[in-house]
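The values are calculated or read from the model by the stated rules, or taken from the named source; none is laboratory data. Since the structure is predicted, the reported quantities are computational estimates derived from the model, not experimental observations. Here the Cβ positions follow ideal geometry from the backbone for every residue, glycine too, while neighbour counts run over all protein chains shown.
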Amino acid sequence: MSSRWLLALAVAALLGGCLATADEPIDDPTQDVEDGGKDDRGGAPAFLEVNPARSSANFRRYVTLALELLERDGSPIARLTARSIRDGRVLIDELRDLTCRDAERARREGSLDDLDGYMWSNRIYVSRGQSVALLAATLVHETNHVINRSEVGYWDDLPTSAFLHEYRAFHAERMFDPEPYDGVDLVDHVIELYELDRDAIPASVLANPLTPRMLPDATAWRLRNVAADPLDAPC
């Protein structure tokens, strides 16, 4: 289950304490430093990675800057997303570190080259090279999929179920950063982006597409028992 362009953390200290602006591209893959250092803030993990054995200082900085932007934002969705990641409820990694099963799923659903983000269970994978603002929005979008178990519900009643899950995730993005969606009809946007059959989606759903349980707050996390998710069989 992916976001945005498809039918679909322990960290090192900030480098020099500098902050990137929201639109500044912050990823420079040539500066990756493969190291095992995972701690920040006096030993407290800043976020947990899916595969901590394949970490880099550059990637940890990349995610941390997006988390700090979310934490500075005034919207509840931004702060709740950041808190969910900081608390380790959601694991973050890059697309090259997909688990074997997650990679198989992503390939079945489409090209990995087109993804900003992909999720399964509580695992979120993000592409490199996004701006701070776009990465922050991707984290909001994918965390919304996690809290709503999109890897299960997405496929219940296609195309309606896919439409509902994506509409809700894009609505969460818009709550965080409305500017990119000025003048955008979100219903049309989701249908066109994911090439969904509009005629197969009930008119009542198109008229009222926002379903409950959107925010990754304490109540929603009590309902979302990640430990109960089925374990993936090894490849």
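Annotations for the structure displayed:
- The one condition in (1) over 24 Å from GLY88 (Cα atoms); (2) modelled with pLDDT under 95; (3) among the hydrophobic types (A, V, I, L, M, F, W, C) that LEU115 fails to fulfil: (1)
- Flag if THR160 is of a type in the set (S, T, N, Q), crowded, with 21+ Cβ neighbours inside 10 Å and closer than 30 Å to ARG198 by Cα: no
- Per the conditions (1) in a helix (DSSP H, G or I); (2) within 19 Å of the chain's Cα centre (by Cα); (3) among the charged types (D, E, K, R), the sole criterion not satisfied by ARG213 is (1).
- Single residue of the range 94-130 satisfying the filter (over 14 Å from the mean Cα position of the chain (by Cα) and not in a helix (DSSP H, G or I)) that is surrounded by the most Cβ atoms within 10 Å (Cβ to Cβ): THR99
- Residue within the range 227-234 that is surrounded by fewer than 17 Cβ atoms within 10 Å (Cβ to Cβ), touching a helix residue (DSSP H, G or I) at 6+ places or on another chain (Cβ under 6 Å) and under 30 Å from PRO52 (Cα atoms) present: yes
- Residue list for the range 72-86, filter: more than 15 Å from the chain's Cα centre (by Cα) and within 10 Å of ALA136 (Cα to Cα): none
- Restricting attention to the range 55-92, the residues being more than 16 Å from GLY117 (Cβ to Cβ) and hydroxyl-bearing (Ser, Thr, Tyr) number 4.
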